[in-house]
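The values are calculated or read from the model by the stated rules, or taken from the named source; none is laboratory data. Just so we're clear, the structure is a prediction, and the values are computed from it rather than from any experiment. With ideal geometry, Cβ positions are generated from the backbone for all residues, glycine too; neighbour counts draw on all protein chains shown. Note: areas computed on protein heavy atoms with side chains; ligands, DNA, RNA excluded. Shrake-Rupley method; radii C 1.70, N 1.55, O 1.52, S 1.80 Å.
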Amino acid sequence: MKVLILTGKFGMGHYSASYSIEEQLKSTIENSDVTIVDIFDYTLPHISKLIYRSFSLLINRASICYNIFYNYTENGNETSKPILGDYFYKSLQQLLLITKPTVIISTIPYCSQLVSHYKTKSSCQIPLITCITDISSHSEWINDQTDCYLVGSPSLQSELIEKGIPRNKLHVIGIPVKLAFKSHHVLPQLHQENKHLLIMGGGLGLLPKSKKFYKELNNLKNIKTTLITGGNKKLFQKLHGKYENIDVIGFTNQVYNYMQQADLIISKPGGITIFEAIHSELPMLIIEPFLQQEMKNAQFINYHRLGRIISKRQLINIHYLSQILNDETNLYEMRQNMKSLKQQLNHATLDTIILSYQNCQLRA
């Protein structure tokens, strides 16, 4: 089986999902050939970094404009031509000739639109599988040449059915995460005196800058905190080694270990992080988002009672954080809701789903 995974760096969640898919396929299918390609790096190598920086600037400095456009296109035309479609069409054609895939998987809307457009123009029969990496039924994900959708939840499946997607094209598998999150045994959370708080998202400017916050957090009785700053080297240098009860970590690929040890996580509502927490059965405190698709993710958390959405004012209220960490009943209910949601996911493995579409194409 030769799989081409198309993605982009509009938020690292898309990229993370791509590598999680690759990991699962290689672990279950012997001699599987998986290629991951950032379509923007491949097609526009000299300006792709500028494109990503511009997008980051848009969502951080002009999020209102982004949200207006996002809402306006919520129920758009699924047959619309992708931006610069003809230019990327030639690049995609070249890539397919080189990689010769039997299946194409897309983890960003643009790649799904591009491949759908290509299949229409060229009569290409390679199956297109779209992995939706948010809890969103936005029209940007929906394309008439998509053979299969991998979706995060039963509620999202229902929304897509209402938008006209046949049920047999929808597979509820959750958003792909590293196998370590699925293979790690979830430890029973006992009524213990000491609590462990995990904070992620330091690289995104979500955390308070004042020393008072960290001093008060450090002084919380019987609470240890792990803060993952990611690529934010400035924040790491500012906080690392400064507080006895706050362990500051930079970039790490051991997030599953930290989630397993924690009683509560504070983060932004990215699709990948949500499903990493679900598989870890780790209750969430989500900082109130400002991007529309993350608002939908937050609504998903609220609907299934997997955590709470908090404002930045509540975040700096150390007494409030302590109350939640010590509310055993509430934390237990969240963990049970996560366990229940996991049981609703399609138990068919990802490789089985992908192989079924590849085999259909080979028989055609």
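Dipole size of region 14-94 about its Cα centre, with +1 on Lys/Arg Cβ and -1 on Asp/Glu Cβ: approximately 460 debye, rounded to the nearest 20.
Across 111, 124, the residue with the most accessible area heads the list, and the full order at a 1.4 Å probe is 124, 111. Counting heavy atoms of the protein chains alone, residue 97 has an accessible area of about 120 Å² for a 1.4 Å probe. The structure shown yields Kirkwood radius over Cα pairs in Å, and of the options (1) 24.1; (2) 21.6; (3) 23.2 that calculated value carries the label (2). Think of region 167-326 as a dipole: +1 on every Lys or Arg Cβ, -1 on every Asp or Glu Cβ, centred on the Cα centre; then among 280, 249, 236, 236 lies furthest on the positive end.
For the chain, take the longest principal axis of its alpha carbons; what is the angle in degrees between that and the long axis of helix 85-99, to the nearest 10 within 0 to 90? Relative to the chain, helix 85-99 is tipped by roughly 90 degrees. Ignoring lysines fewer than eight residues from residue 182 along the same chain, the ones with Cα atoms less than 26 angstrom from its Cα are 2, 9, 26, 169, 195, 224, 268, 296, 339, 342.
Taking N as the residue count of region 285-357, its C-alpha radius of gyration divided by 2.2 N^0.38 Å amounts to 1.46.
Maximal additional length on extending the residue 242-residue 210 stretch stands at 10.2 nm, based on 0.36 nm per residue less the C-alpha distance. Legend: calculated FRET efficiency, residue 30 to residue 72, from the Cβ-Cβ distance at R0 = 35 Å, rounded to 0.05, equals 0.15.
Counted by Cβ distance under 11 Å from residue 56, the other residues give a net charge of +4, where Lys and Arg count +1 and Asp and Glu count -1. Residue 247 contributes an accessible area of around 80 Å² to the protein surface, as traced by a 1.4 Å probe with all chains present. Under 5 Å between amide hydrogens, built in the peptide plane, is the criterion, and for residue 223 it picks out 195 among residues at least 5 positions away or on other chains. For residue 249, the residues whose modelled amide H falls within less than 5 Å of its own, excluding neighbours fewer than 5 places apart on the same chain, are 227, 228, 229.
Near residue 34, the amide H atoms lying under 5 Å from its own belong to 3; only residues 5 or more places off or on other chains count, and H is placed 1.01 Å from N. Estimated from helical segments only, the mean residue ellipticity of the chain at 222 nm is -14500 deg cm²/dmol, where each DSSP H run of four or more residues counts as -39500 (n - 2.57). To put it simply, the accessible area of the chain at a 1.4 Å probe is 52 percent carbon and sulfur. Model label points for residue 342 and residue 222, set 7 angstrom from Cα along the Cα-to-Cβ axis, are 2.6 nm apart. Residue by residue, region 274-288 carries 3J(HN,Hα) couplings of 4, 7, 5, 5, 4, 5, 8, 6, 10, x, 10, 10, 10, 6, 3 Hz when phi is fed to the Karplus relation 6.51 cos²θ - 1.76 cosθ + 1.60 (θ = phi - 60°); x denotes Gly or Pro.
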